[in-house]
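A.B. asks: Below is one structure. I have some questions about it.
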Amino acid sequence: MGCMKPKICHKSGEVLTSEEAGRYALIPFDASNPDESNDLKKNNTVYSYTKECFEEVSTLDFSRTYDIVEPSTSTSSSKTATFVMVHGGGASRQMFQAHAKILAEKGHRSILVDLPGHGTLTEAKLTLESCAETVKSVLDENQESLKLTKANTIYVGASFGAYTGFYTMDKLKDRFCGAILMDCGQNVGPDCSFKASAGLWFLKMISKNMSNASLMGTFKDVTAKSPADWKLIESTFGAGMFFDSAVDQVEVLHSVKPADHIPNLDFPILFMNGSEDYRDSEKLWLSLCKVQEGSSLKVFEGGDHFFTHDSRFVSEMMDMMDTFAKDRMN
């Protein structure tokens, strides 16, 4: 019976420990050939690395824990908003990097945040409270230099970042004039449906028994079946995915009670979902908004849980965010 071939770092050629091979994995992104490199059908091999090499190859900048993407000087105005953008589960702040560049061209600033247990904060404990504290810390650190006020700051969350956002915004409601929440149309809290509860239980079980690299491979296979096709590698798989805290992610999701938080928020909310996603509570969430004027629900027909990276919808999505921001500052 032969010995198992050792895993080798794709960059340095060093032999990897089993922990390294299972934890530090990504699909390399080639910035000199972005179109082909972003094509998940052509570029879909997940490689493992040493920690040092992983951080060098990743599209995520590990020298800081958040990014600030400033507006174009030619388009910034009194209607310039600051979007605080919070990524989905297993992802990182890199998820919104390309969106932030488009918003900058429209005259808006974006602050891209890594949540605990993700990206550059993988060693931080992931809880609802730590998510809120992370956002608060970034806002506090930049409040004076960026002149952040309730009147010009908008929370943006996708999936996990939207669900934790309900809690975060309730804790920090004096910091935002509006919110844009995506992929959060399903109730996954303690009073969720049996189907949703079973799905969370299954995710928790596989998370306990699969490495970060294996879970990333599974996520890649799921995404490959999606119509999403926009900057998938540079925004997600090329940054690396972070499922080390997957069990905590499930527990946090299952603890969120949107119906307890939405009525406390004194600003409008724009909800965005894909028609093919799970959406058993999207109309309820909208009906609970304390400020109905300006609150709305947009469903992208044919989109799924990854509609934010579906080229059919990106332009409309960015225009809607721009309009929502300018309406808040009238």
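A.B. asks: Using +1 at the C-beta of Lys and Arg and -1 at the C-beta of Asp and Glu, which of 111, 121, 66 has the Cα lying farthest in the positive direction of the dipole of segment 66-133?
C.D. replies: Projecting each Cα onto the dipole axis, the largest value belongs to 111.
A.B. asks: While we're looking at this one, here's another question. Cα centroids of segment 1-55 and segment 131-208: how far apart, whole angstrom?
C.D. replies: Taking the Cα centre of segment 131-208 as reference, the centre of segment 1-55 is 31 Å away.
A.B. asks: Still on this structure, I have one more. Which lysines have a Cα less than 17 Å from the Cα of residue 171, not counting those fewer than 8 places away in the same chain?
C.D. replies: Within the straight-line limit of under 17 Å, residue 171 reaches these lysines: 136, 150, 257, 290.
A.B. asks: Once you list every other residue whose beta carbon is under 13 Å from the beta carbon of residue 119, what net charge do they have if Lys and Arg are +1 and Asp and Glu are -1?
C.D. replies: So the surrounding residues net to -4.
A.B. asks: Could you point to the residue in 86, 98, 146 farthest towards the positive end of the chain's charge dipole, with +1 and -1 charges on the Cβ of Lys/Arg and Asp/Glu respectively?
C.D. replies: 86
A.B. asks: Can you give the FRET efficiency to the nearest 0.05 for residue 311 and residue 36, using r as the Cβ-Cβ distance and R₀ = 25 Å?
C.D. replies: My answer for the efficiency is 0.95.
A.B. asks: According to the square roots a ≥ b ≥ c of the eigenvalues of the Cα gyration tensor, what is the shape class of segment 35-127, taking rounded for a/c under 1.5, prolate for a/b larger than b/c otherwise, and oblate for the remainder?
C.D. replies: The shape class here is oblate.
A.B. asks: Using 0.36 nm per residue of separation minus the Cα-Cα distance, give me the extension gain between residue 202 and residue 123 in nm, one decimal.
C.D. replies: My answer for the length gained is 26.0 nm.
A.B. asks: What is segment 55-199 by shape, rounded, prolate or oblate, if you read a ≥ b ≥ c off the alpha carbon gyration tensor as root eigenvalues and call it rounded for a/c under 1.5, prolate for a/b larger than b/c, and oblate otherwise?
C.D. replies: Because a/c hits 1.5 or more and a/b exceeds b/c, segment 55-199 counts as prolate.
A.B. asks: I've got another one for you. So how much accessible area does residue 36 have, in Å² to the nearest 10, using a 1.4 Å probe?
C.D. replies: Accessible surface of residue 36 is approximately 90 Å².
A.B. asks: According to a simple spin-label model (label point 7 Å from Cα along Cα-to-Cβ), what is the distance in nm between residue 144 and residue 5?
C.D. replies: Computed distance between label sites residue 5 and residue 144 equals 5.8 nm.
A.B. asks: Per-residue ellipticity at 222 nm for the chain, helices alone: DSSP H runs ≥ 4 residues times -39500 (n - 2.57), over residue total, nearest 500 deg cm²/dmol?
C.D. replies: -10500 deg cm²/dmol
A.B. asks: Taking the Cβ of residue 265 as the centre, find all other residues whose Cβ is under 9 Å away and add up their charges (Lys, Arg: +1; Asp, Glu: -1).
C.D. replies: 0
A.B. asks: Now for a different question. Quick check on the chain: take the gyration tensor over C-alpha atoms, sort the square-rooted eigenvalues as a ≥ b ≥ c, and tell me if it's rounded (a/c under 1.5), prolate or oblate.
C.D. replies: The shape class here is prolate.
The values are calculated or read from the model by the stated rules, or taken from the named source; none is laboratory data. On a predicted model such as this, the values are computed, not experimentally measured, just so you know. Because the Cβ atoms are built from the backbone with ideal geometry, glycine has one as well, and the counts that use them run over all protein chains shown. Surface accessibility is based on the protein's heavy atoms, side chains included, excluding ligands, DNA and RNA. Shrake-Rupley method; radii C 1.70, N 1.55, O 1.52, S 1.80 Å.
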